[in-house]
Amino acid sequence: LSMNRFMLKSKIHHATVTEANVNYVGSITIDKQLMQRADLLEGEQVQVVDVTNGQRLFTYVIEGEENSGRICMNGAAAHLINEGDKVIIMAYTLTEEPLEAKKVLVDGQNRFVRFL
């Protein structure tokens with residue numbers, strides 16, 4: 001019997017939040033280059049885990065300027081996750097088969113370092 005399972009598909013590890021904008025409509029803005037490396041699409045649901053304060057939330061991705069290093073928490077999420085916090089951004093997919101997630105490690109300026 002095959003069974004669908006939610007599996008990790010994409011991960012951006014230890015990104016630094018560059019902005020927290022409460023007045024925006026909602027979501028997380030991510031540098032386009034990081035989105036491509038991690039196989040994330042605009043509008044895709046992601047879980048954001050704040051390593052600094054323990055908060056966890058789900059939101060959706062907005063494409064940010066390529067190579068900007070931008071990771072911006074928008075709207076209500078900006079009350080929970082602050083500028084300067086370290087976060088892990090993850091997306092999942094429903095699949096019957098095991099899969100190799102795209103795991104991206106970034107430096108302090110949110111530049112790609114290597115795949116994990």
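Karplus-based coupling profile of segment 4-19, in residue order and whole Hz: 6, 9, 7, 10, 4, 10, 9, 8, 10, 9, 6, 6, 9, 5, 8, 8, with θ = phi - 60° in 6.51 cos²θ - 1.76 cosθ + 1.60 and x standing for Gly or Pro. Of the GluC sites (Glu not before Pro) found in segment 53-94, those that fall in a DSSP loop while having at most 14 other beta-carbon atoms within 10 Å are Glu65, Glu66, Glu83.
For the chain, the Cα gyration tensor yields ellipsoid semi-axes of 23, 16, 13 Å (square root of five times each eigenvalue, largest first, whole Å). Here is the P(r) of segment 1-55: all C-alpha pair distances, binned every 5 Å from 0, give 4, 13, 24, 24, 17, 9, 4, 3, 1, 1 in whole percents. With a 1.4 Å probe and all protein chains left in place, how much of the accessible area of the chain comes from carbon and sulfur atoms, in whole percent? Here it works out to 48 percent.
In this structure, His79 and Gln36 have a Cβ-Cβ separation that, at R0 = 35 Å, corresponds to a calculated FRET efficiency of about 0.75.
With both partners inside the chain, how many of the DSSP beta bridges are antiparallel, as a percent to the nearest 5? Bridges in the chain that DSSP calls antiparallel: roughly 70 percent.
State, as an integer percentage, the relative contact order of the chain based on alpha-carbon contacts under 8 Å between residues 6 or more apart.
43
Couplings 3J(HN,Hα) for segment 23-28, derived from phi with the Karplus relation 6.51 cos²θ - 1.76 cosθ + 1.60 (θ = phi - 60°), are 7, 7, 5, x, 4, 10 Hz, where x marks Gly and Pro.
The values are calculated or read from the model by the stated rules, or taken from the named source; none is laboratory data. Bear in mind the structure is a predicted one, so any value in this text is a computation, not a measurement. With ideal geometry, Cβ positions are generated from the backbone for all residues, glycine too; neighbour counts draw on all protein chains shown. Only protein heavy atoms, including side chains, enter the accessible area calculation; ligands, DNA and RNA are left aside. Shrake-Rupley method; radii C 1.70, N 1.55, O 1.52, S 1.80 Å.
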